[in-house]
Amino acid sequence: MIPYGRQNISEADIAAVVEVLRSDWLTQGPVVPRFEEKISNYCGAKYGVAANSATSALHVACMALGLGPGGRVWTSPMTFLASANCALYCGASVDFIDIDPRTCNISVEKLANKLVNAKRTRQLPNIVIPVHLCGQSCEMDAIDALAKEFGFRVIEDASHAIGGKYRGEAIGSCKYSDVTVFSFHPVKIITSGEGGMAMTNDDCVAKAMARYRSHGVTAEPAAMQVRPVTEIWNYQQVDLGFNYRMTDIHAALGISQLERIDSLVSCRRAVAARYDDFLSDLPVHSLWQHPDTASSFHLYPIRVRESECGLSQRDVYNALRGRGVGVNLHYIPVYLHPHYEGLGFKRGYCEEAERYFHEALSLPIFPDLSEEDQLGIVNSIQVVFEGRL
Ligand SMILES: *Cc1c(COP(=O)(O)O)cnc(C)c1O
């Protein structure tokens, strides 16, 4: 079975990890800050705070932006659970904005309408978390304008999107947001095993995220609350934080991967361009690419409409899996998971997200997917559809 995604590990990656294993440090030592600096330079943000996952990074980002009980977070329903769970971890509530059917990112128009209503009922969100689905940026300029008008903070969930661009600038620059979060899970663009990073240009937010990542502890005399600090004991817990630290072992792998990110992303773009070309005659739809964006193509979904091709999503899924093509579904709308239904969300809440959920299938896309294998996948898709046309 050809999977929908797979990591690319080089001999240099292996050597980088082994080098850390032979060093004095295993957990957060000198390599983690080096990784933070390299990612910051790559995407043009002032600060990067590494964590043991993007989920942890989202959590500390929410905390650093002051989210707590009674707070409100809005995000996309078409995402991995972590984009919404981070709000619940803080005791805040979460709500969802339906997607734009062209890009399947949150609809700016629906966001604007919902904000107008929320202002009237005094239920404005504290934080909005746009998700750059499949590696394509949301319309950040418009979201930033709404943030200024309605007074909310913005965390970009760019777990899919390192290496992508918006209006010519690297995703992660935080030009249009308070924080941007990357994931380095193995199926993502670059990996550190498990890992994530929160980017920001705000000095205080960066310090707060670093503190929450590590038990709420500070070793900076200026941040200590009991003064004078005269003891040999030189750190204080000033907030309640967590152990969300990344290890040097993971950071070493991340740095080594970052060195070839441009080639990893261009391989993905080449795979996507070939799918665009090969699938153009078939009754399936690829995601529209907004001209302001350059996607890093974490995923390449197609939409299957039974009314157009006589085959259901399930038919195509079964037929392709039967032919060794490991298609997958991203995602079930977050609010349809039992935990969220338990919070009161009902089927039908976000129409476009539910339509996408019943049509989308992610095709295999990863840097090592050979042209030959890709032609085999396309051939299988043709056979499956031609059986019905
Ligand atoms: C993968 C993913 C996450 C979580 O990333 P982890 O590093 O596994 O915690 C969050 N949001 C989105 C959109 C993701 O795809």
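Quick notes on this one:
- 222 nm mean residue ellipticity, helices alone, for the chain (DSSP H n ≥ 4; -39,500 (n - 2.57); rounded to 500): -11500 deg cm²/dmol
- Arg102 versus Gln225: modelled label distance in nm, points set 7 Å from Cα along the beta carbon direction: 5.0 nm
- Fraction of beta bridges assigned by DSSP in the chain that are antiparallel (%, nearest 5): 65 percent
- Length-normalised contact order for the chain - Cα pairs under 8 Å, 6+ apart - percent: 23 percent
- Projecting label points 7 angstrom from Cα along Cα→Cβ for Ala270 and Ile14 puts them 2.3 nm apart.
- Degrees, to the nearest 10: 371-386 long Cα axis against longest axis of the chain: 50 degrees
- Nearest 10 degrees, 0 to 90: helix 313-322 Cα axis against the chain principal axis: 90 degrees
- Between the alpha-carbon centres of the range 301-366 and the range 51-79 there is a gap of 25 Å.
- Averaging the sequence gap over all C-alpha pairs within less than 8 Å and six or more residues apart, then dividing by the number of residues, gives the range 209-360 a relative contact order of 15 percent.
- Normalised per residue, the volume of the convex hull around the Cα set of the range 1-156 (Å³): 154 Å³
- Measuring between their Cα centroids, the range 258-288 and the range 178-199 lie 21 Å from each other.
- Members of Lys119/Lys207; Lys114/Lys207; Lys148/Lys207; Lys175/Lys346; Lys38/Lys119 lying beyond 29 Å, as alpha-carbon distances in this model show: Lys119/Lys207; Lys114/Lys207; Lys175/Lys346; Lys38/Lys119
- Farthest toward the positive end of the dipole of the range 100-148, out of Gln136, Pro125, Cys104, is the Cα of Pro125, where the dipole comes from beta carbon charges about the Cα centre.
- Arranged from fewest to most other beta-carbon atoms within 10 Å of their beta carbon, Leu363, Leu311 become Leu311, Leu363.
- Each peptide in 251-262, 336-347 gets a packing score, the mean of other Cβ atoms within 10 Å over its residues, and the list from highest to lowest is 251-262, 336-347.
- Helix axis angle, 11-21 relative to the chain longest principal axis, alpha carbon, degrees: 30 degrees
No value in this document is a laboratory result; all are computed from the given coordinates. Nothing here was measured: the structure is a model prediction, and the numbers come from that model. In this analysis, Cβ positions are derived from the backbone assuming ideal geometry, glycine residues included, and neighbour counts consider all displayed protein chains.
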